[in-house]
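**Q** One structure is given below, represented as structure tokens, and several questions about it will come after.
The values are calculated or read from the model by the stated rules, or taken from the named source; none is laboratory data. All values reported here derive from a predicted model rather than from experimental measurement. Here the Cβ positions follow ideal geometry from the backbone for every residue, glycine too, while neighbour counts run over all protein chains shown. Protein only, heavy atoms only, side chains kept; ligands, DNA and RNA dropped before computing areas. Shrake-Rupley method; radii C 1.70, N 1.55, O 1.52, S 1.80 Å.
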Amino acid sequence: MNVLIVFAHPDPRSLNAALRDAAVAELEAQGHAVRVSDLYAMNWKAAVDHADFPTLGGGERLKVAAASGAAFAADALTADVKAEQEKLLWADALILQFPLWWFTMPAILKGWVDRVYAYGLAYGVGEHSDRRWGDRYGEGRFAGKRAMLVVTTGGWAEHYAPRGINGPIDDLLFPINHGILHYPGYDVLPPFVAYRVDRFDETGFAQTAEQLRERMRTLETTAPIPFRRQNGGDYAIPSLELRPELEAPGASGFALHRTA
């Protein structure tokens, strides 16, 4: 497989970087080709603005989706964005690795998504009719590819458990897993989450690194999260509401959008 790791931590001496290196070494030992986009090392520009669309007139109002679609269709996006898009198209599997900051990804990684996921590439594709509502949520440009998150957090696992004060980790990561990865078609694997990392000693790191290596060994075989596909009949179109007869008893919120 071709594997792209998009990495977001500012310090190359960090535990995150050490885990990334362990993952890369294991993937390569398994015969996979690996590329890493180290966003901080790349000085990645996170904010979308007029400079992202060179063909847009300086005095013209910026409508991001429209400008993104026009620039993508004309092959007129900036060189840094096109390079990342080429990596995405090359990769059979995408790994987003980051520390959990304020319950989500670092801003630099969100900015990578904002700029690289162009209209016409990751969204705004497919037929919109009374039978389909675009190629998304299980369909789209990245259908047939795999994706997963590698996340570190200083909190305890219990803090992110179903009754934990921070909320369930699966709920916190749902907007990324479902909205950023499943939306453009990826089969999304369960995330790898390391807890209490600020208190790791050598033994703790060694155990976590081995657990991550095991996830890399099973990257091709791990069953994905059973998210529902938008156009598979589970949702009414165009309202895109789950058909009531498909709701599991007592299910609500994010849980509605999984088949199990």
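**Q** Examine region 184-196 for a residue that is part of a helix (DSSP H, G or I) and either in contact with a helix residue (DSSP H, G or I) (Cβ under 8 Å, 6 or more places away or on another chain) or not aromatic (Phe, Trp, Tyr) (or both), and state whether such a residue exists.
**A** Among the residues of region 184-196, not one is part of a helix (DSSP H, G or I) and either in contact with a helix residue (DSSP H, G or I) (Cβ under 8 Å, 6 or more places away or on another chain) or not aromatic (Phe, Trp, Tyr) (or both), which makes the answer no.
**Q** Specify which of the listed residues (181, 173) is touching a Pro at 6+ places or on another chain (Cβ under 7 Å), modelled with pLDDT of 95 or more and open to solvent by less than 20 Å² (accessible area, probe 1.4 Å).
**A** Result: 173 is the single residue among 181, 173 that is touching a Pro at 6+ places or on another chain (Cβ under 7 Å), modelled with pLDDT of 95 or more and open to solvent by less than 20 Å² (accessible area, probe 1.4 Å).
**Q** Additional query: I'm trying to understand the selection: among the residues of region 200-221, which are open to solvent by 30 Å² or more (accessible area, probe 1.4 Å) and free of Cβ contacts under 8 Å to residues at least 40 places away in the same chain?
**A** Of everything in region 200-221, those that are open to solvent by 30 Å² or more (accessible area, probe 1.4 Å) and free of Cβ contacts under 8 Å to residues at least 40 places away in the same chain turn out to be 201, 202, 203, 206, 207, 210, 211, 214, 218, 221.
**Q** While we're here: Any idea which residue in region 81-135 is surrounded by the fewest Cβ atoms within 10 Å (Cβ to Cβ), counting only those that are under 27 Å from residue 241 (Cβ atoms), out of contact with any Gly (no Cβ under 9 Å at 6 or more places or on another chain) and of a type in the set (Val, Ile, Thr)?
**A** 104
**Q** Another one. For the structure I just gave you, tell me whether residue 147 is closer than 23 Å to residue 218 by Cα, in a strand (DSSP E or B) and small (Gly, Ala, Ser).
**A** Taking the combined requirement at face value, the residue satisfies it.
**Q** While we're here: Against the conditions (1) farther than 30 Å from residue 220 by Cα; (2) in contact (Cβ under 8 Å) with a residue 60 or more places away in the chain, where does residue 60 fall short? Just the number, please.
**A** (2)
**Q** Of all the helices (runs of 4 or more DSSP H) wholly in region 17-123, which have at least 1 residues that are among the charged types (D, E, K, R)?
**A** Qualifying helices (runs of 4 or more DSSP H): 79-90, 107-116.
**Q** Follow-up. For region 1-49, give me the residue count where each residue is of a type in the set (Ser, Thr, Tyr) and within 18 Å of the chain's Cα centre (by Cα).
**A** 2
**Q** Let me ask something else. If I ask for residues that are among the charged types (D, E, K, R) and exposed (fewer than 14 other Cβ atoms within 10 Å of the Cβ), which ones from region 40-80 would you list?
**A** Scanning region 40-80 gives 49, 60, 61, 63, 75.
**Q** Taking residue 213 and the conditions (1) at pLDDT below 95; (2) assigned to a helix (DSSP H, G or I), which numbered condition does it fall short on, given that it satisfies the others?
**A** Tallying (1) at pLDDT below 95; (2) assigned to a helix (DSSP H, G or I), residue 213 fails exactly one: (1).
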